[in-house]
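Peer 1: Sharing a structure below in structure tokens format, with a few things to ask.
The values are calculated or read from the model by the stated rules, or taken from the named source; none is laboratory data. Remember, predicted model here, so these are calculated numbers, not experimental data. Cβ atoms come from the backbone with ideal geometry, glycine included; neighbour counts cover every protein chain shown.
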Amino acid sequence: MQANPNAAIIAALVSEASRAAILTVLLDGRFHAASELAQMARIKPQTASFHLAKLVEANVVAVQKQGRHRYFAIRDQEVARVMESLLSIAPPVEVKSLRQSSQDEAMRYARTCYDHLAGNVGVRLTNALLRNGILLEEEDRYIVTERGERFFADFGVDLKQAATKRRLFSHQCLDWSERRHHLAGALGNALLERVLELDWVRRLPDTRAVQVTDEGKAGFEEVFSLDLN
């Protein structure tokens, strides 16, 4: 196989601390203004704008213009998948305050990874789907069983619609905090959207962490035999 020197370009982009911080923030799958990213990454707005230009030029980050404003997001799930994998082997961030400790705990418990559920809850939910015969594990992806097709239909997840999206359907994503795989792809996204719709989980402001509601705890136990209490 011929070597691809362009891989060094991407590696150099991610290796810079400010750019890595920006990409980590963008793992929430949302569009953010440069000023917002600067604040969340704890860098100056001018610094954020410089690095965002580099990321857009390398086709790692997408930009969307709305009037006089520009908003940025990770280009696609493959970029998010690489970032999550890098985080899984990166040394843990040193916790220096009670607030930081609480934020880290919330992220490890339940969060979004680009557009699907991750963290302890995401991994345990994936394991429940496997344990209940809804999914089967095959190499680096998951297969929906016949029982799973009936289950997702009853649960309100449209598998046919999810399959029409131009992306991987149900691949494994290595969870950086759990060091195990969770469900990603179009199916992972559809499942997250459904539990958000049911108000089983809620997005939290300025973070990728999500909150599991009381209704969610009861629902996950009833539907997936998953005890989150």
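Peer 1: Residue pairs, Cβ under 7 Å, 6 or more apart or interchain, first in the stretch 214-225 and within 14 Å of PHE151 (Cβ to Cβ) and of a type in the set (A, V, I, L, M, F, W, C), second modelled with pLDDT of 95 or more and part of a helix (DSSP H, G or I). List them.
Peer 2: Close Cβ pairs (under 7 Å, with a partner that is modelled with pLDDT of 95 or more and part of a helix (DSSP H, G or I)) amount to VAL223/PHE155; PHE224/LEU125; PHE224/ALA128.
Peer 1: Return the residue satisfying two criteria in turn: it lies in the stretch 115-148 and is assigned to a strand (DSSP E or B) and acidic (Asp, Glu), and of such residues it is nearest to SER177 (Cα to Cα).
Peer 2: Step by step, filter the stretch 115-148, then rank; the result is GLU137.
Peer 1: Could you grab me the full set of residues in the stretch 126-159 that are at positive phi and touching a residue at least 24 places away in the same chain (Cβ under 8 Å)?
Peer 2: Listed by number, the list holds a single entry, GLY156.
Peer 1: Can you name the condition, by its number, that ALA34 falls short on among (1) under 21 Å from THR207 (Cβ atoms); (2) modelled with pLDDT under 80?
Peer 2: Answer for ALA34: the failing condition is (2).
Peer 1: Of the conditions (1) assigned to a helix (DSSP H, G or I); (2) at pLDDT 90 or above; (3) more than 19 Å from ALA190 (Cα to Cα), MET107 satisfies every one except a single condition; which number is it?
Peer 2: (2)
Peer 1: Which of the residues belonging to the stretch 96-124 are of a type in the set (A, V, I, L, M) and farther than 29 Å from VAL61 by Cβ?
Peer 2: Quick first cut of the stretch 96-124, residues of a type in the set (A, V, I, L, M) only: 98, 106-107, 110, 117-118, 121, 123.
Hit for the stretch 96-124 is LEU98, nothing else.
Peer 1: While we're looking at this one, here's another question. Quick check: anything in the stretch 211-220 within 25 Å of ARG81 (Cβ to Cβ), touching a Lys or Arg at 6+ places or on another chain (Cβ under 9 Å) and of a type outside the set (A, V, I, L, M, F, W, C)?
Peer 2: The answer is yes, given that some residue of the stretch 211-220 is within 25 Å of ARG81 (Cβ to Cβ), touching a Lys or Arg at 6+ places or on another chain (Cβ under 9 Å) and of a type outside the set (A, V, I, L, M, F, W, C).
Peer 1: Moving on to the next point. When the residues of the stretch 170-213 are narrowed to those that are of a type in the set (Val, Ile, Thr) and touching a residue at least 60 places away in the same chain (Cβ under 8 Å), which ends up farthest from ARG99 (Cα to Cα)?
Peer 2: VAL195
Peer 1: Taking the residues in the stretch 185-229 that are among the hydroxyl-bearing types (Ser, Thr, Tyr) and farther than 18 Å from CYS113 by Cα as candidates, determine which candidate is modelled with the lowest pLDDT.
Peer 2: Looking at residues that are among the hydroxyl-bearing types (Ser, Thr, Tyr) and farther than 18 Å from CYS113 by Cα, I get SER225.
Peer 1: Right, next: Specify the residue that is surrounded by the most Cβ atoms within 10 Å (Cβ to Cβ); the eligible residues are those in the stretch 150-198 that are among the acidic types (Asp, Glu) and over 17 Å from the mean Cα position of the chain (by Cα). Write out each step before concluding.
Peer 2: The initial filter retains those residues of the stretch 150-198 that are among the acidic types (Asp, Glu), namely 154, 158, 175, 178, 193, 197.
This time we only want the ones that are over 17 Å from the mean Cα position of the chain (by Cα), so: 154, 158, 197.
Numbers: ASP154: 9, ASP158: 12, GLU197: 9.
Out of the qualifying residues, it is ASP158.
Peer 1: Continuing with the same structure: Would it be correct to say that ALA162 is free of Cβ contacts under 8 Å to residues at least 60 places away in the same chain, on the phi < 0 side of the Ramachandran plot and hydrophobic (A, V, I, L, M, F, W, C)?
Peer 2: Yes, satisfied.
Peer 1: Of all residues in the stretch 122-143 being more than 21 Å from GLY216 (Cβ to Cβ) and out of contact with any Ser or Thr (no Cβ under 7 Å at 6 or more places or on another chain), which is surrounded by the fewest Cβ atoms within 10 Å (Cβ to Cβ)?
Peer 2: Only one residue tops the list, namely GLU139.
Peer 1: Please specify each residue of the stretch 45-60 satisfying the condition of being out of contact with any helix residue (DSSP H, G or I) (no Cβ under 7 Å at 6 or more places or on another chain) and either in contact (Cβ under 8 Å) with a residue 12 or more places away in the chain or at positive phi (or both).
Peer 2: Of everything in the stretch 45-60, those that are out of contact with any helix residue (DSSP H, G or I) (no Cβ under 7 Å at 6 or more places or on another chain) and either in contact (Cβ under 8 Å) with a residue 12 or more places away in the chain or at positive phi (or both) turn out to be VAL56, ASN59.
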